[in-house]
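These notes are about the structure you will find just below.
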Amino acid sequence: MIDILTYILDSIVIVLGGLLSVVAWKAYKKSGMKSILLLLLAFLMFTIKKIIENSHLLNDTISLDIIDITSTTIELGILLLFFVALVKRD
């Protein structure tokens, strides 16, 4: 039961991340603010991170260690993008 709930929640997070990316893209096209572009990249990276974390469900040949290292590296990139978006002046 918990596995099914986890899959459902992960799917919701992936869809929500994709939707936030689309909203950020539209906001960037409308305003041209570079900080919104950085947020767009962060949302995309978050969505990609979640897809990578769940990739072991489709392909058992991927090592969980590689998934963990990749996921943590992407998290670092997301945090850096959020930080730069907050301190950047447009």
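The values are calculated or read from the model by the stated rules, or taken from the named source; none is laboratory data. In this text the structure is predicted, and so the values were computed from the model without any measurement. Cβ atoms come from the backbone with ideal geometry, glycine included; neighbour counts cover every protein chain shown. What goes into the accessible areas is simple: the full protein's heavy atoms, side chains included, and nothing from ligands, DNA or RNA. Shrake-Rupley method; radii C 1.70, N 1.55, O 1.52, S 1.80 Å.
General observations
- Of all residues in the range 32-45 being modelled with pLDDT under 95 and not aliphatic (A, V, I, L, M), the one that is nearest to Leu86 (Cα to Cα): Ser35
- Near pairs, Cβ below 7 angstrom, 6+ apart or cross-chain, from the range 53-65 (of a type in the set (Asp, Glu)) to any residue that is at pLDDT 75 or above and open to solvent by less than 60 Å² (accessible area, probe 1.4 Å): Glu53/Ile67; Glu53/Ser71
- Just one of the listed residues (Val13, Val23) is open to solvent by less than 70 Å² (accessible area, probe 1.4 Å) and aliphatic (A, V, I, L, M), namely Val13.
- Conditions (1) open to solvent by 50 Å² or more (accessible area, probe 1.4 Å); (2) of a type outside the set (Phe, Trp, Tyr); (3) within 16 Å of Glu75 (Cα to Cα): number failed by Thr47: (1)
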